[in-house]
Structures are given as C-alpha cells and as structure tokens.
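The values are calculated or read from the model by the stated rules, or taken from the named source; none is laboratory data. Keep in mind the model is a prediction, meaning the values are calculated, not measured. Positions of Cβ are generated from backbone atoms using ideal geometry, with glycine treated the same way; all protein chains shown enter the neighbour counts. To get the accessible areas, we keep the full protein, side chains included, count just its heavy atoms, and leave off ligands, DNA and RNA. Shrake-Rupley method; radii C 1.70, N 1.55, O 1.52, S 1.80 Å.
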Amino acid sequence: MLLFQKKIDVREEDIYSELHHFLLRKNNRYLTNDEVVALTGVSSELLYKWVKAGKLKNSIFPNLGAPCERCGQITQAKICVSCSSSIVGTLKQEEKDRAWFNQIQRNHVRASTYHYK
C-alpha cells in the first residue's frame, strides 16, 4: 500500500511541476480555475489541493482559488468574504447576547439578595 501511495505522490508532483511551468508563462498567469482545467486536463480537485496547500500562490496566480470551507464558493482565502462577514456578525450578536444575559443575571442577584442586620 505504501509503494502505491508513493507512486501516486510522484505522479502528482510530476503533474504539478508541468502545470506550474505552464502557468508561469506570461499569458497563463491570469487564467481562472475553469480555464486551467479546460486547457491542461488537470482535475479541479488537484488544483484546489495545490491552491489550499499554498503551492500555487495567490500573489503569482491571482485568478486561482479553492472552494470556501463553509459554502463552497471559489475564493482565494479559506473562507469567502460573505461567510467571513456572516461569522463576524454572528460573533458580535453572540457577544451582545452574552452581555445582556450577564446584566440580567447581575440585576436578578441584586433583587433577590436578602440583607440581614
């Protein structure tokens, strides 16, 4: 099994090397994922894998991306802008809810506390 895995890894590295060389040509640096898949025949899964791993850097190939880990939309980060905004909004609301709950708890404790002389 390990020998089979090594053969696959070597094959992927060969494919990556050829693809990287192809993409470094001046006219090919701005290709999108779909264009790269159509022109080279490389599977989109392999392309996504290399983008996520940082092998195909956004600074060199600005139009390549990988699916958002939350919604699946193609993005150049792990999470797209829309999902990121949604998560930040949810966290802000959670913080407001927590502050409100804590305030109610403090008021409740004061109202139900008995004071003895």
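Ranked from largest to smallest solvent-accessible area, with a 1.4 Å probe on the protein heavy atoms, 61, 101, 22 come out as 101, 22, 61. Couplings for the range 69-84, taken from phi via the Karplus curve 6.51 cos²θ - 1.76 cosθ + 1.60 with θ = phi - 60°, read 6, 9, 10, x, 5, 5, 8, 9, 10, 5, 10, 5, 4, 4, 5, 4 Hz in order; Gly and Pro are left as x. Measuring between their Cα centroids, the range 13-35 and the range 37-51 lie 9 Å from each other. Taking all protein chains together and a 1.4 Å probe, the residues 90, 40, 75 rank 90, 40, 75 from largest to smallest accessible area.
I want to make sure I understand the PRE zone here: with the label point 7 angstrom from the Cα of residue 30 toward its beta carbon, which residues in the range 56-79 have backbone N atoms less than 17 Å away? The answer is 58-65. For residue 70, the residues 5 or more places off, or on other chains, whose built amide H falls under 5 Å of its own are 80.
Using a probe radius of 1.4 angstrom, the carbon and sulfur fraction of the accessible surface of the range 46-110 is 55%.
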